[in-house]
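Contents: one structure, followed by commentary.
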Amino acid sequence: MSTVASASDPRIIVGAMMLDGRGDVYAAKKIADLLERRGFDTGFAVFKLRNEDFRRQLQQDQTVEAIQTQERNWVILDGDEMLRRGWNNDCDLMILFPNMALIDFGLTTFPREKMILFSEYSCPDRCPANPTIPLYTLGLGDDEEGILLPEAPLELPSTSATSTERLAKLRETQPALAAKILHREELDSSSELFFAYFATEFYFSHFVQTVFQLASDKSHIVIVTSKPCIIQDAEHLLEFGQNLEGLKQIEFISSDSTLSTRLFDENQNRTIKIISTSLNCSELDSIIAASADEVLATGDSSWIELMAANKVVVYDPRAHKRPSAMHMANLLHQTSPILADLMKQAYLGDPTYHNAWVLQFDRIGISMLPFLETLRSDPQAREHWKTLVRKIFTHNAADKIAIIVRQHLPPSS
C-alpha cells in the first residue's frame, strides 16, 4: 500500500469489493488514486469474498489470480486478515466500493462509525443490511456524485486513422499480440478489428451481426474481447451467421485454442473471427487503439475509458445499469433528440418506454445498426456524440469525493 502524506495526516483505506469482475476493483482504485493525488494518506486493498459457494459461482479464484499477476503490488485479502493487521484500529476511515455484501467480505466487526460506502453508478437502493453506514451514489444523475474519470485529460481528435494504419501500428508496437490475433491476410485494407467488453451474450451476438453489416466493405472482421471466455458452447451463437449475407465462416478462438468453426458458404469470401483472450493493460490499450471506432462496453468504467479513447459506445446495460443508460440518453437528448432516440433503441429498446429497468429485447437487435451507421456516416451526428462525451466528462466525481471524505474524517489535531 502506498502513502503520500505525512504521518500526522488521516489514514484512509479504500477497499474494493471483488464481486463479478475487475471493473469494481479498478473503479475503487481510481477512488484511492484521486484521494492520494489530493494529499490524503491513502491505502488500497482488494477484499475477497468469504462465502465459498458464491466465490465458486463467480469464479473468484480466477479473477484474483489474474489481478495478482497484473498488479503485484496490490494487497488482496479477506476481512479476517484485515482485522489481524489491526486496520480496524489504525485507520480513520474505511471507504468501500461497491456497497454490497459486507457480511460475505468478513467486515462485520469493522467499526461502522469509521466506514462510508460508494455505490455503483445509479444504484442508490443496493444497500447492505446496516442502513446506518453513509452511502453515496455515483453516476450522471442530478442527485448523484458524478463519475470516475481517467486521469489523462480528454482529447477528441477530429479525424481517425484508417483501419490499415491502425493495424499497421499494432503490428509495429505489439508484434507478438498482433501475431496472436491476426492472420497475415488480416493486416491489410480488407480487414477491420473491433473490441467488445460485454455482460450478456445477447448483446454480444447482436454486436457481431451489426459490425459485420456496418463494415460491409471489409472481408475479414476480427472481434477481440478481454472478457473471460463464456463461449464454451458456441453453437447457439453461430445461429445468427445463417442470416448474414456474404458470410463464409465464423471462427471462435479462446487464447490460443480454436473452440469452434462454422462454414456457411464456401463460395463467399467474408469471415468473422471472435477471439476471447486475457489482455494486460498495455495490450488492452493497444487493442483499443487499433480497433474501429465502434465498441461494445458494459459496467461503470469501461464505457468511460472507451469514450475517452474517442470510441462510439454501444452499451450493454445489466439490470442495475439501465438507469445509467437512461442518464446518457437524456444528456444526448439536450443536443440531438433524434440521435438520443436511436441511442435508447440501441441500448434499451423502445425509446418511448421510459421504464429504464425493462428492456425491449425485440427492438435492440435491429437498432444497433442504424445507431452506428448514423454516427459513422453523418459528421453532424458525430459532433453531437462528441458534445455528449464532453458533457459526461463534466460530471467528475473527484472534487465531491474529496469533500465527502473530509466531512467524515475526525477533526485534525
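The values are calculated or read from the model by the stated rules, or taken from the named source; none is laboratory data. Everything numeric here is computed off the predicted structure, so don't read it as measured data. All Cβ positions, glycine included, derive from the backbone under ideal geometry; neighbour counts span all protein chains shown.
Give me a count of the residues in the range 38-48 that are of a type in the set (Lys, Arg) and free of Cβ contacts under 8 Å to residues at least 60 places away in the same chain.
Summing the residues that are of a type in the set (Lys, Arg) and free of Cβ contacts under 8 Å to residues at least 60 places away in the same chain in the range 38-48 gives 1.
Would you please name the residue that is modelled with the lowest pLDDT, looking only at residues in the range 351-394 that are farther than 16 Å from Asp316 by Cα and among the hydroxyl-bearing types (Ser, Thr, Tyr)?
Per the stated criteria, the residue is Tyr353.
Looking only at the range 259-292, which residues are crowded, with 17+ Cβ neighbours inside 10 Å, in contact with a strand residue (DSSP E or B) (Cβ under 8 Å, 6 or more places away or on another chain) and either closer than 25 Å to Leu372 by Cα or not assigned by TED's automatic domain parsing to the domain that holds Leu369 (or both)?
Arg270, Thr271, Ile272, Lys273, Ile274, Ile275, Ser276, Ile287, Ile288, Ala290, Ser291, Ala292
So, in the range 187-202, of the ones that are over 13 Å from the mean Cα position of the chain (by Cα) and modelled with pLDDT of 85 or more, which residue ends up farthest from Asp217 (Cα to Cα)?
This residue is Phe194.
Where residues in the range 156-177 are in a loop (DSSP other than H, G, I, E, B) and touching a residue at least 24 places away in the same chain (Cβ under 8 Å), which of them is nearest to Leu388 (Cα to Cα)?
Going through the qualifying residues, I end up with Leu156.
Take Leu296 and decide whether it is at pLDDT 85 or above and part of a helix (DSSP H, G or I). Working first, answer last.
Values: at pLDDT 85 or above: yes; part of a helix (DSSP H, G or I): no.
In short, no.
Rundown of residues vs (1) within 23 Å of Gly141 (Cβ to Cβ); (2) outside any helix (DSSP H, G or I), yes/no style:
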| position | (1), (2) |
| --- | --- |
| Ser260 | no, yes |
| Ile274 | no, yes |
| Ser278 | no, yes |
| Ser286 | no, no |
| Trp303 | yes, no |
| Asn310 | no, yes |
| Val314 | yes, yes |
| His327 | yes, no |
| Leu339 | yes, no |
